[in-house]
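The values are calculated or read from the model by the stated rules, or taken from the named source; none is laboratory data. Predicted model only: the values in this text are computed from it and were never measured. Here the Cβ positions follow ideal geometry from the backbone for every residue, glycine too, while neighbour counts run over all protein chains shown. Ligands, DNA and RNA are excluded from the accessible area calculation, which covers all protein heavy atoms including side chains. Shrake-Rupley method; radii C 1.70, N 1.55, O 1.52, S 1.80 Å.
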Amino acid sequence: DLLDPERLIQCPFVKQHQIRACRFPYHLVKCKESNPEIAKKLATCPFNARHLVPRGSLSDHIMKCNDQALMEQDVVSGCCEPPQDQVKDGSTWQAPPCDEDWET
């Protein structure tokens, strides 16, 4: 089950590391620091920072990444509807113009 926080995920830095899903982001940070040479060879997916793939495979991963659909769905739903707090109170507040002149 992809939503199970106890499922084991293989570390992209050290294949022998099997990390619980709920601890995986923390492990990635530590393992990346401990393995800088391996980290240089991996690229991070723009749709999910937990996806670390060999640099040469990144474009292929991007085309197939399941999280791409979730990102596109968020973008589409966000651009077509006004923010919920603006809908509730009808606010159209804008920041006042800045009178500061950093050059003087």
Here the residues within the range 1-22 that are outside any loop (DSSP other than H, G, I, E, B), farther than 19 Å from ALA43 by Cα and open to solvent by 60 Å² or more (accessible area, probe 1.4 Å) are LEU8, GLN18, ARG20
Tell me the residue from ALA43, ALA39 that is at pLDDT 95 or above, not β-branched (Val, Ile, Thr) and not in a helix (DSSP H, G or I), please. ALA43
Scan of the range 22-65 for residues that are over 15 Å from the mean Cα position of the chain (by Cα) and aliphatic (A, V, I, L, M), ordered by number: ILE38, ALA39, LEU42, MET63
Of the residues VAL76, VAL29, only one is modelled with pLDDT under 75 and open to solvent by 80 Å² or more (accessible area, probe 1.4 Å); which? VAL76
Exception for GLU37 within (1) more than 23 Å from ARG55 (Cα to Cα); (2) exposed (fewer than 12 other Cβ atoms within 10 Å of the Cβ) falls at (1)
